[in-house]
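Participant: Just passing along the structure, written as structure tokens.
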Amino acid sequence: MKEVTIAEIGDYAGQEVALNGWVYHVRSIGKIWFLIFRDGTGLLQCVVVKSEVDSDTFGLETKLTQESSVRVTGTVRAEPRAVGGHELGVKSIQIFQIAKDYPIAPKEHGTAFLMDHRHLWIRSKKQHAILRIRHQVIKACRDFFDQNGFTLLDTPIFTANAVEGTTNLFAVDYFDRSAYLTQSGQLYGEAGAMAFGKIYCFGPTFRAEKSKTRRHLTEFWMVEPEMAFCDLDQDMDWAEKLVAYIVRWCLDHCETELKTLERDISRLEKVKAPFPRITYTEAVEILRKNGVDFEFGNDFGGNDETVISEQFDCPVMVHRWPAEIKAFYMKRDVENDKLALGVDMLAPEGYGEIIGGGQREDDHDILVKRITDAGLPLKPFQWYLDLRKYGSVPHAGFGLGIERTVAWISGIRHIRETIPFPRTIYRLEP
RNA sequence: UCCGGAGUAGCUCAAUGGUAGAGCGGGUGGCUGUUAACCACUAGGUUGGGGGUUCGAGUCCCUCCUCCGGAGCCA
């Protein structure tokens, strides 16, 4: 007996096949009952007719509870009345296990309840779709860099240095000393760029911020490219090419999932390079023009980002920021020493910052002064300073937040649904 | 940490200070094309914990706990 999946069921019309999976729902109308069956690749309606099966099989209607695991065999046929266009005329059903009291009904539930059952919730249609989009977003990132001459460089999770201060770092015991969980692979990425020219790292990062908003997690994933011989403008070229590629890829490969999520595709279709580029100063003007009382020199809040991004169909890149609110390693603008050559990309529709990056300071002595001025110890940065001693070049990079990107493309409000098991200030389980 | 909201059946929610209820889910029965099917019947409660006011508290007061949303902080 040929074992097939629901995703490929259309290729087997007229044939007898077997499928392994779980019971999603059962509907009975007497001498016929319908088993809505899922196998991780989709949903399939299976029809059990009293006159076509033995009485034991027909009697399973009352025994098959939601999420019971089964193997069904039968004949595939095209059927316009079935969701997906095909259904299975059941011959037999083999039971692996009868599930008891599955807590998630195909009805309304609150977020807290669902998050407590996250390990089961990911079986549900909508969560399933979001996580498949996440998979494709990650694949698109990897493909993009692999196709453009980047080398994957894995950076460490345990670190001794803080990239941007220590208040939001997770400290852990590390034998007879302490270490931090990384909040960015960037510094190591810069070392990689000097070795390979263009690199990217991809992995989890950690921020011990007590943020409780829909845009924050304590553990999130970033893809961070770093390029030697690259200035801010070229950095922005790469950023917009990457994001346009990801969006195009998802439109081409996640049609079913985006439909499940009822995503307005037309908004995503407009996302094509080049993206608008404005300076921080111009962004402040936009805020003021829209009635926001904003003081020059501050960082943008969530609402500010929404107001700015609402002016554009595409993601907008905001560059040349007040140096005081940006990290020590950012290169200053030669035309205005008070400005840092950083760039943030704001996604449309209020999804906020999805990219942060910029050109790095490449002069040894200036960097030493910046580290000192920032009140950071020099010792843990010796290796980083070495990069400016041995063949320093202009270089730049950025980090793309996977969860915010997935939330934007999926059109879901809260990023906690874009990662299989979200970590927030009050949630470490499941 | 601050501001706001919530906690009642497995879930989502009702209940003017006066007998704790509905829908869904569960169970039983009916129905040969259902789409979160439908119809009938049925079981299911320490109203988050503690204290107080009152003839009487799910409801009012105090306190603690938990969760949600937002702010700050940040990506």
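Participant: Looking only at residues that are within 16 Å of RNA strand B (Cβ to nearest atom) and closer than 14 Å to A:Trp383 by Cβ in the stretch A:180-194, which one is surrounded by the fewest Cβ atoms within 10 Å (Cβ to Cβ)?
Facilitator: Of everything passing the filter in the stretch A:180-194, A:Leu187 is surrounded by the fewest Cβ atoms within 10 Å (Cβ to Cβ).
Participant: Of all residues in the stretch A:358-376 being among the basic types (Lys, Arg) and open to solvent by 10 Å² or more (accessible area, probe 1.4 Å), which is nearest to A:Ala340 (Cα to Cα)?
Facilitator: Top of the filtered list is A:Arg370.
Participant: How many residues, within the stretch A:302-322, are touching a strand residue (DSSP E or B) at 6+ places or on another chain (Cβ under 9 Å) and within 12 Å of RNA strand B (Cβ to nearest atom)?
Facilitator: Here the count works out to 5.
Participant: Any idea how many residues of the stretch A:274-330 are within 17 Å of A:Met236 (Cα to Cα), among the aliphatic types (A, V, I, L, M) and open to solvent by 50 Å² or more (accessible area, probe 1.4 Å)?
Facilitator: 0
Participant: Which pairs do you get when a residue that is farther than 15 Å from A:Ser68 by Cβ and among the charged types (D, E, K, R), found in the stretch A:100-116, comes within reach of a residue that is open to solvent by 70 Å² or more (accessible area, probe 1.4 Å) and more than 6 Å from RNA strand B (Cβ to nearest atom), reach meaning Cβ atoms under 9 angstrom, with the pair 6+ apart or on two chains?
Facilitator: Note: pairs meeting the criteria are A:Asp116/A:Glu429.
Participant: In the stretch A:1-116, which strands (runs of 3 or more DSSP E) lie fully inside it and hold 1 or more residues that are small (Gly, Ala, Ser) and more than 11 Å from RNA strand B (Cβ to nearest atom)?
Facilitator: It comes to A:16-28, A:69-78, A:86-97.
Participant: Residues that are small (Gly, Ala, Ser) and touching a Leu at 6+ places or on another chain (Cβ under 9 Å), at least 3 per element: which helices (runs of 4 or more DSSP H) completely within the stretch A:334-430 meet that?
Facilitator: Because the criterion is at least 3 residues that are small (Gly, Ala, Ser) and touching a Leu at 6+ places or on another chain (Cβ under 9 Å), no helices (runs of 4 or more DSSP H) in the stretch A:334-430 meet it.
Participant: Given the conditions (1) open to solvent by less than 30 Å² (accessible area, probe 1.4 Å); (2) in contact with a strand residue (DSSP E or B) (Cβ under 6 Å, 6 or more places away or on another chain); (3) within 30 Å of A:Lys139 (Cβ to Cβ), which single one is not true for A:Gly350?
Facilitator: (2)
Participant: Determine whether A:Lys389 is buried (at least 19 other Cβ atoms within 10 Å of the Cβ) and among the charged types (D, E, K, R).
Facilitator: Against the criterion (buried (at least 19 other Cβ atoms within 10 Å of the Cβ) and among the charged types (D, E, K, R)), A:Lys389 does not qualify.
Participant: For the stretch A:382-416, which residues satisfy the criterion of being modelled with pLDDT of 90 or more and within 11 Å of RNA strand B (Cβ to nearest atom)?
Facilitator: A:Phe398, A:Gly399, A:Leu400, A:Gly401, A:Ile402, A:Glu403, A:Arg404, A:Thr405, A:Ala407
Participant: For the subset of the stretch A:165-179 comprising residues that are touching a strand residue (DSSP E or B) at 6+ places or on another chain (Cβ under 8 Å) and of a type in the set (Val, Ile, Thr), which member is most open to solvent (accessible area, probe 1.4 Å)?
Facilitator: Only one residue tops the list, namely A:Thr166.
Participant: Is it the case that A:Lys139 is within 12 Å of RNA strand B (Cβ to nearest atom), among the basic types (Lys, Arg) and in the same structural domain as A:Phe229 (by TED's automatic domain parsing)?
Facilitator: No: the conditions fail for A:Lys139.
Participant: A further question follows. Just for the stretch A:135-149: of the residues that are open to solvent by 20 Å² or more (accessible area, probe 1.4 Å), in a helix (DSSP H, G or I) and out of contact with any His (no Cβ under 7 Å at 6 or more places or on another chain), which one is farthest from A:Lys241 (Cα to Cα)?
Facilitator: Looking at the filtered set, the residue picked out is A:His135.
Participant: Right, something else. For A:Tyr200, all conditions in the list (1) within 16 Å of RNA strand B (Cβ to nearest atom); (2) open to solvent by less than 70 Å² (accessible area, probe 1.4 Å) hold save one; what is the number of the exception?
Facilitator: (1)
Participant: Here is a follow-up. Can you go through A:Ile325, A:Ile371 and tell me which one is near RNA strand B (Cβ under 10 Å from one of its atoms) and either over 20 Å from A:Pro204 (Cβ atoms) or touching a Ser or Thr at 6+ places or on another chain (Cβ under 6 Å) (or both)?
Facilitator: A:Ile325
Participant: Quick one: is A:Arg132 open to solvent by 50 Å² or more (accessible area, probe 1.4 Å) and within 28 Å of A:Leu251 (Cβ to Cβ)?
Facilitator: Yes.
Participant: Somewhere in the stretch A:210-232, is a residue open to solvent by 30 Å² or more (accessible area, probe 1.4 Å), away from RNA strand B (no atom under 16 Å from the Cβ) and over 23 Å from the mean Cα position of the chain (by Cα)?
Facilitator: For the stretch A:210-232, residues open to solvent by 30 Å² or more (accessible area, probe 1.4 Å), away from RNA strand B (no atom under 16 Å from the Cβ) and over 23 Å from the mean Cα position of the chain (by Cα): present.
Table: residues versus (1) in the same structural domain as A:Gly397 (by TED's automatic domain parsing); (2) within 27 Å of A:Lys338 (Cβ to Cβ); (3) touching a Phe, Trp or Tyr at 6+ places or on another chain (Cβ under 7 Å); (4) touching a residue at least 40 places away in the same chain (Cβ under 8 Å).
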{"residue": "A:Val247", "(1), (2), (3), (4)": "yes, no, no, yes"}
{"residue": "A:Thr260", "(1), (2), (3), (4)": "yes, no, no, yes"}
{"residue": "A:Arg263", "(1), (2), (3), (4)": "yes, no, no, yes"}
{"residue": "A:Arg277", "(1), (2), (3), (4)": "yes, yes, no, yes"}
{"residue": "A:Gly291", "(1), (2), (3), (4)": "yes, yes, no, no"}
{"residue": "A:Gly302", "(1), (2), (3), (4)": "yes, yes, no, yes"}
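Participant: Would you pick out the residues in the stretch A:420-430 that are under 12 Å from the mean Cα position of the chain (by Cα) and near RNA strand B (Cβ under 10 Å from one of its atoms)?
Facilitator: Correct list: A:Pro422 only.
The values are calculated or read from the model by the stated rules, or taken from the named source; none is laboratory data. Everything quoted here is computed from the prediction, not taken from an experiment. With ideal geometry, Cβ positions are generated from the backbone for all residues, glycine too; neighbour counts draw on all protein chains shown. With ligands, DNA and RNA removed, areas are computed over all heavy atoms of the protein, side chains included. Shrake-Rupley method; radii C 1.70, N 1.55, O 1.52, S 1.80 Å.
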